[in-house]
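A.B. asks: Got a structure for you, questions after.
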Amino acid sequence: MYKLAGLDAGFLYNETPRSPQHIASVQVLELPDGVDTARFVAELKQLLLARVHLVSYFTNKLQFVPFQLDHPVWVRDADFDIDRHVLQAEVASPGGRAEFEAKIAEIHATPLDRSKPLWELWVLTGLEGGRIAYYNRVHHACLDGVSGQAAIEAIMDVTPEPRTVAPPPADFWRRPSGFDALSLLTGAFENLAKFQVRQASAVLGHAETARRLWQRAVDGTRGLGAITEGAPATRFNRAVQRARTFATGELPLADVRRIGKATGTSVNDVFLAICSGALRRYLERCGDLPERSLVAGCPVSLRKPGDTSSNNQVTMMLVSFATDEADPVKRLLKIGRSSVQAKGFVSDVSDSYDADVALPGMPALFSTAARWLESADVVDVAPPRLPCNVVVSNVPGPRDQLYSLGARVLTHYPVSIPAHGQGVNITVQSYAGQMFFGVTACARALPDADALRNDLLAAFVELKAAVLQAPKAVPPQDLEVEVGLPPLGSQPDAFEVPSQAA
């Protein structure tokens, strides 16, 4: 019986009408010469059917345990129909970046249908230049960012000619399409008992973790980092509504690496510094920048090398955004130091981390509580105070140029999850030498996601100028930096610092 782990199932329990829990990626594609959209979509469905066995969530749907006593199980969808998963939508004219982003925000605000496998691939038409796009969304209960990249690579190719894939095993469609109530209840009791046994055997490990944390807390050279700082309240940290805003952008990976090398920081630190500079700009412009630094929540993968299984294997580290620091270089260095502390903290506690929590009645309790808090407007009156202001994810993506049925894949934008108390999410995915980022937000918390996107680009230009071009002449904080957006789907090799005026 293929049961969801506690971490995977938690995304189901936290889902409400105002807070859908699916993630997505968006690829803009350049169709081959002479291929129209209707023919392309028909061939896409056939390609996915030929590769349906390569991605486990394609044909798995949920079956819930009676009385929601334990986590649900995955079963085969005996009525699987590719037409229920490959859908089409037209982007409003003229099909530029703004219209493209608005259509994605609109679709992303709607929950997935739990009566079928929890994924959809929308083909977006009407884009400028005759291009199309994939909006490929999957419930977070199925996967995390790393396994999502593996799924993308399974359905795409590194050459214009699609590769030949071995057919599914003979028994592929004979997997159980459902279990009787007795089997589900028996499996639930076994799962609950195994969790209790694991907890009993983990006592020594918990004691060792506590010892490490005590040593870290009293060691002035290491410390507990941003976990002790507390996140100040901002306009982003409120209950979310259903409407979404979304904005996209691109950064040259080579320049980000150069900044990291010059300052002794990582690519992730540099991207966090870019986000920090952008949030500082945005909140200053609104007259709403807290005196204390904002805190970033950064998902950290716990996967072993080579593990591409479709599930969630992540935890969260907290990093200071250093938004109380005006100098962009000093801000980056502070973020780098906080990041080192956060990674050390995660390393110290990871041995005691159990993603498969199982408690009697946990699904019913959590799901009911989430829906009640929202329907009774409790989250609006008292939104949850979470330990971070904004979630920032950095997911390594494909290095090679990808193709889908001969169409060249031009972009790889991520779309993520705003949640109650955290109305803004910034995620970046690398692909073919570029960093493609997406700002996904609740429309009430961030009505102008495009403005924050522009601030991200401006913060990058400012940081690049400070580190690589004029390290002793950091632009003043009130300098307005304008960055022209490239056409949708283009891949600039570098951004140049534009002419600037105070």
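A.B. asks: Considering the chain, what Rg and Dmax in Å follow from its alpha-carbon atoms?
C.D. replies: Over the chain's Cα set, Rg and Dmax evaluate to 23.1, 72 Å.
A.B. asks: Can you give the FRET efficiency for ARG174 and ARG258, using 1/(1 + (r/R0)^6), R0 = 45 Å, r = Cβ-Cβ distance, to the nearest 0.05?
C.D. replies: Values: r = 54 Å, r/R0 = 1.20.
Efficiency computed from Cβ-Cβ geometry: 0.25.
A.B. asks: What does the highest-first list of 162-168, 341-347, 322-328 look like by mean Cβ count within 10 Å?
C.D. replies: On the way: 162-168: 11.0, 341-347: 18.4, 322-328: 20.3.
Highest-to-lowest ranking by the protection proxy: 322-328, 341-347, 162-168.
A.B. asks: With a bin width of 10 angstrom, please list the P(r) values of the range 41-81 as percents of all Cα-Cα pairs, from the 0 bin to the one holding the largest distance.
C.D. replies: Result returned by the calculation: 26, 40, 22, 11, 1.
A.B. asks: Give, rounded to the nearest 20 debye, the magnitude of the charge dipole that the chain has about its Cα centre when Lys and Arg contribute +1 at Cβ and Asp and Glu contribute -1 at Cβ. Could the numbers behind the result be given before it?
C.D. replies: Working: 49 positive and 55 negative charges, 210 e Å.
Dipole magnitude for the chain comes out near 1000 debye.
A.B. asks: Hey, another quick one. Taking every alpha carbon pair in the range 1-144, what does the distance histogram look like in 10 angstrom bins from 0, in percent?
C.D. replies: 10, 37, 32, 15, 4, 0
A.B. asks: Here's another thing I want to ask about it. Let me see the P(r) profile for the range 238-314: every Cα-Cα distance counted, bins of 10 Å, each bin given as a percent of all pairs.
C.D. replies: Taking every Cα pair in the range 238-314, the percentages come to 13, 28, 40, 16, 2.
A.B. asks: Also, I was wondering about something else. Roughly how large, in nm² to one decimal, is the mean projection of the convex hull of the alpha-carbon atoms in the range 69-145?
C.D. replies: Numbers: hull surface 26.3 nm².
Projected area, direction-averaged: 6.6 nm².
A.B. asks: For the range 239-393, report the accessible area per residue in Å² (1.4 Å probe, heavy atoms, rounded to an integer). Mind dumping the intermediate values first?
C.D. replies: Numbers: 6600 Å² over 155 residues.
So the range 239-393 comes to 43 Å² accessible per residue, rounded to a whole number.
A.B. asks: Turning to a different aspect of this structure: In whole Å, how far is the Cα centre of the range 360-392 from that of the range 47-116?
C.D. replies: Cα centroid of the range 360-392 versus Cα centroid of the range 47-116: 24 Å apart.
A.B. asks: If you build the convex hull over the alpha carbons only and average its shadow over all orientations, what do you get for the range 149-189? Give it in nm² to one decimal.
C.D. replies: Numbers: hull surface 20.7 nm².
Projected over every direction and averaged, the Cα hull of the range 149-189 covers 5.2 nm².
A.B. asks: Next question, about the same structure. Please work out the Cα convex hull volume for the range 384-451 and give it in Å³ per residue.
C.D. replies: Numbers: hull volume 6.9 nm³, N = 68.
So the per-residue Cα hull volume is 102 Å³.
A.B. asks: Based on the alpha carbon coordinates of the range 104-200, what radius of gyration and maximum Cα-Cα distance (Dmax) apply, in Å?
C.D. replies: Taking only Cα atoms of the range 104-200, I get Rg and Dmax of 19.6, 61 Å.
A.B. asks: In addition: Excluding ALA92 itself, calculate the net charge of residues whose Cβ lies under 13 Å from the Cβ of ALA92, where each Lys or Arg counts +1 and each Asp or Glu counts -1.
C.D. replies: On the way: positive: ARG97, LYS103; negative: GLU90, GLU99, GLU101, GLU106, GLU128.
Around ALA92, the charge tally is -3.
A.B. asks: Using a Cα distance threshold of under 27 Å, what count of lysine pairs results for the chain when pairs must be 8 or more residues apart or interchain?
C.D. replies: 28
A.B. asks: Same structure again: If you roll a 1.4 angstrom probe over the protein chains with everything in place, what fraction of the accessible area of the range 330-441 belongs to carbon and sulfur, to the nearest %?
C.D. replies: Working: 2580 of 4300 Å².
Carbon and sulfur together cover 60 percent of it.
The values are calculated or read from the model by the stated rules, or taken from the named source; none is laboratory data. Worth saying up front: this structure is predicted, and the values here are computed from it rather than measured. Neighbour counts run over all protein chains shown; Cβ positions are idealised from the backbone, glycine included. Calculation scope for accessible area: heavy atoms of the full protein, side chains included, ligands and nucleic acids excluded. Shrake-Rupley method; radii C 1.70, N 1.55, O 1.52, S 1.80 Å.
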